[in-house]
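Asks: Following this message is one structure expressed as structure tokens.
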Amino acid sequence: MSLDKTTILIVEDEPAIVELVSFTLRAAGWETYAVNNTADAWAFITRRMPHLVLLDWMLPDQSGIRLLSKIRADRQFGALPIIMLTAKSMEEDKIAGLDHGADDYVTKPFSPRELTARIKTVLRRKAPEHGQGVLSAGPIVLDPVSCSVLLNDQRIEIGHAEFKLLKFFLAHPDRVFSRSQLLDKVWGDHVVIEERTVDVHVLRLRKVLKTSESLIKTVRSVGYMLSEK
């Protein structure tokens with residue numbers, strides 16, 4: 001699993017659709033994984049959580065709605081973005097999907113462009129650190145597209161790990177994150193990094209932010225946060 005790419009799990013039992021969707025998503029720059037039943041989907045999610053799930057309504061072992069309900073009932077996965085894929089165009093089915101916690105609903109057949117647009121919208125809404133909009137706090141301005149950071153209108157040199165950390169903090173201001181949460185959210189829990197390594201990256205980040213280092217606050221015995229207060 002790539003560190004930088006957004007990962008999407010496709011839960012679909014029709015090979016032709018899996019092929020089309022996988023091709024479309026990879027062309028958009030996302031990393032894809034596919035399983036064809038809810039049991040394998042649950043096993044995948046509990047092993048390494050993707051950034052988004054495309055979930056088919058009709059699956060061989062049980063309905064996608066059942067899996068959706070199971071995911072939403074688990075606090076660990078409650079915020080995982082999920083888009084339902086289905087041949088059902090009935091209004092009540094659409095409502096049922098959204099009632100069970102789906103973030104969006106795409107009816108087959110769909111155009112690759114429509115699917116890509118829907119995914120981008122859900123990711124931007126659910127996980128601001130995956131968006132491509134400019135982020136800022138005080139004199140700091142981060143542009144995800146050009147991977148640049150301005151401090152008092154001057155571009156600064158910043159390491160890749162510190163850039164990712166700053167981007168995450170800027171996307172979630174005034175929220176405290178523990179070291180383990182930062183490891184998971186910024187680097188992914190599949191990466192073998194010790195928790196004290198987070199302290200090193202925070203230290204380096206503060207160093208490059210110079211006089212604005214106080215924006216990155218240490219919350220004793222909890223973790224770190226970015227705040228202008």
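The values are calculated or read from the model by the stated rules, or taken from the named source; none is laboratory data. This one's a predicted model, so the numbers in the text were calculated from it and none came from an experiment. Reconstructed Cβ throughout: ideal geometry from the backbone, glycine too, with neighbour counts over all protein chains shown.
This table checks each residue for (1) assigned to a strand (DSSP E or B); (2) among the basic types (Lys, Arg); (3) at pLDDT 90 or above; (4) more than 23 Å from Val122 (Cβ to Cβ).
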residue	(1), (2), (3), (4)
Ser136	yes, no, yes, yes
Val141	yes, no, yes, yes
Glu157	no, no, yes, yes
Leu170	no, no, yes, no
Asp184	no, no, no, no
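Asks: Search the stretch 117-131 for residues being under 13 Å from Tyr105 (Cα atoms) and crowded, with 16+ Cβ neighbours inside 10 Å, and hand back the single one that is modelled with the highest pLDDT.
Replies: Ile119
Asks: Within the stretch 192-229, which residues are in a strand (DSSP E or B) and among the charged types (D, E, K, R)?
Replies: Correct list: Lys217 only.
Asks: Still on this structure: Are any of the residues in the stretch 56-73 without any contact (Cβ under 8 Å) to a residue 24 or more places away in the chain and aromatic (Phe, Trp, Tyr)?
Replies: no
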